[in-house]
1. Output the number of the condition that T65 fails; it satisfies all remaining conditions of (1) out of contact with any Asp or Glu (no Cβ under 8 Å at 6 or more places or on another chain); (2) more than 14 Å from M129 (Cβ to Cβ).
2. From the set of residues in segment 429-457 that are of a type in the set (G, A, S) and part of a loop (DSSP other than H, G, I, E, B), which is surrounded by the most Cβ atoms within 10 Å (Cβ to Cβ)?
3. Report whether or not F54 is of a type in the set (A, V, I, L, M, F, W, C) and within 19 Å of V25 (Cα to Cα).
4. In segment 31-80, how many are more than 26 Å from L236 (Cβ to Cβ) and acidic (D, E)?
5. What is the one condition in (1) out of contact with any His (no Cβ under 9 Å at 6 or more places or on another chain); (2) hydrophobic (A, V, I, L, M, F, W, C); (3) exposed (fewer than 15 other Cβ atoms within 10 Å of the Cβ) that A130 does not satisfy?
6. When the residues of segment 72-116 are narrowed to those that are more than 23 Å from D32 (Cα to Cα) and assigned to a loop (DSSP other than H, G, I, E, B), which ends up nearest to the chain's Cα centre (by Cα)?
7. Hey, could you check segment 133-152 for residues that are of a type outside the set (A, V, I, L, M) and more than 20 Å from G341 (Cα to Cα) and say which is surrounded by the fewest Cβ atoms within 10 Å (Cβ to Cβ)?
8. Taking segment 33-66 as the search range and keeping residues that are assigned to a helix (DSSP H, G or I) and among the small types (G, A, S), which one is farthest from N290 (Cα to Cα)?
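The values are calculated or read from the model by the stated rules, or taken from the named source; none is laboratory data. Note that the structure is predicted; figures quoted are calculated from it, not measured. Glycine gets a Cβ as well: all are built from the backbone with ideal geometry, and neighbour counts include every protein chain shown.
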Amino acid sequence: MFLSVFDMFKVGIGPSSSHTMGPMVAAARFLDLMRASPFHFAGLRASLHGSLAFTGVGHATDRATILGLAGFTPEDYDADRAEETLKAIDETHQITVDGLPPLSFTPKTDLIFDYETRLEGHANGMMLMATDAQGDVTLRETYYSIGGGFVMTEAELAAGKDSEEGAPIPFPFKSATEMLEMASQSGKSIAQMKRANEVARNGEIHLRDGARRLWQVMNDCIDRGLTTEGILPGGLSVKRRAKGIHDALIAERGQNQSAPHTINDWMSVYAMAVNEENAAGGQVVTAPTNGAAGVMPATLRYYLDHVPGASTAHIEDFLLTAAAIGGLVKFNASISGAEAGCQAEVGSAAAMSAAGLCAVMGGTPEQVENAAEIALEHHLGMTCDPVKGLVQVPCIERNGLGAIKAVSAASLALRGDGTHLVPLDACIETMRQTGEDMAEKYKETSLGGLAVNVPNC
């Protein structure tokens with residue numbers, strides 16, 4: 001099993017990797033399918049199903065789908081150009097994209113939120129259609145946004161998890177048990193094994209430059225969030241808090257008034273800064289999703305800014321270790337809130353972050369596995385209940401608490417020798433089973449939990 005660190009961590013836009021980035025990626029894929037088709041097309045249609053329908057407006061799924069059909073991608077998203085494009089489509093009822101003729105598209109009638117028809121493959125389903133001059137559908141594809149910006153067609157999903165292409169990798173572990181066995185036999189750390197796999201597929205330079213860019217985007221996102229004020233979009237009138245908290249922390253530090261537990265506020269404010277940026281539609285890194293994008297940058301920033309002896313030379317090892325754990329979670333369970341609740345998003349992010357921190361602080365492979373298990377175990381059962389379908393409440397603060405749990409889990413693991421009762425594999429399987437048993441209203445539909453109990457929402 002190989003899942004690149006650059007699959008697990010993608011540079012994209014907020015507010016959601018599955019509901020914003022995924023539909024945009026799916027639409028781009030559909031354009032390529034159209035370009036390769038012998039048919040002549042005259043129009044486009046789209047329908048959103050399941051969680052993509054229920055929380056689509058709050059997650060900007062409609063905008064993302066339209067922009068994807070207009071040729072936008074998350075990697076090179078330009079907010080100003082996007083607004084101009086959406087306005088033009090509203091006025092002309094037409095989409096113009098390279099390699100295809102002008103295509104008729106009226107957003108109010110050609111993009112349908114289908115709350116009744118659930119597609120079988122995944123809770124995040126969408127259908128994209130191209131029509132001829134008479135309005136008849138001549139090309140249709142079903143896509144599933146399976147979390148973290150990953151997109152699969154109906155056929156790809158049916159083919160299963162084992163289908164992959166590429167050069168052989170030296171350490172193809174599919175479970176934490178296999179990972180620890182390979183580490184023991186090779187004498188390598190988890191980061192070293194993951195690095196060897198990455199280099200075998202993509203080369204040393206790609207890994208080095210890519211890891212540097214990932215952290216740059218993460219760190220820039222923190223800094224933007226720490227210096228930006230205002231009200232977040234979406235109608236809840238949620239005020240950005242990161243700047244005010246950060247300013248107060250700086251002032252307290254200068255007066256030498258900080259209590260020991262204030263370190264928790266530093267971890268929280270780093271995470272909140274990222275998730276406020278995400279909620280505003282800013283540039284973030286899926287880690288492993290947008291909804292959980294603040295946990296890992298906060299944990300890594302905590303390490304660099306607050307841990308004695310920390311070094312930027314360890315950033316790559318942090319990311320590699322975290323990606324190894326995230327790959328296990330995704331392969332054996334889920335990182336999708338629509339599929340398994342927030343345990344799959346913030347829970348996975350905390351496990352990945354705990355593992356990364358434990359590794360760069362000198363943890364053995366066994367201690368790293370223990371750190372990941374501790375962090376994930378104490379998110380089991382966490383629901384996904386975004387108020388008004390927005391990635392704001394409870395998501396922003398939840399990332400802060402996820403970072404605190406990650407650091408605590410790493411610290412506890414480092415106090416032991418790696419032996420513990422519950423294996424990470426068992427914890428991941430428990431998360432999968434819990435997600436299957438969880439009622440749909442608690443899985444990113446905004447039909448249960450806080451989403452229905454907060455007044456005036």
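1. The number of the failed condition is (2).
2. The qualifying residue surrounded by the most Cβ atoms within 10 Å (Cβ to Cβ) is S446.
3. It is false that F54 is of a type in the set (A, V, I, L, M, F, W, C) and within 19 Å of V25 (Cα to Cα).
4. Qualifying residue count, segment 31-80: 4.
5. (3)
6. Y115
7. Ranking the candidates gives Q134 first.
8. A53
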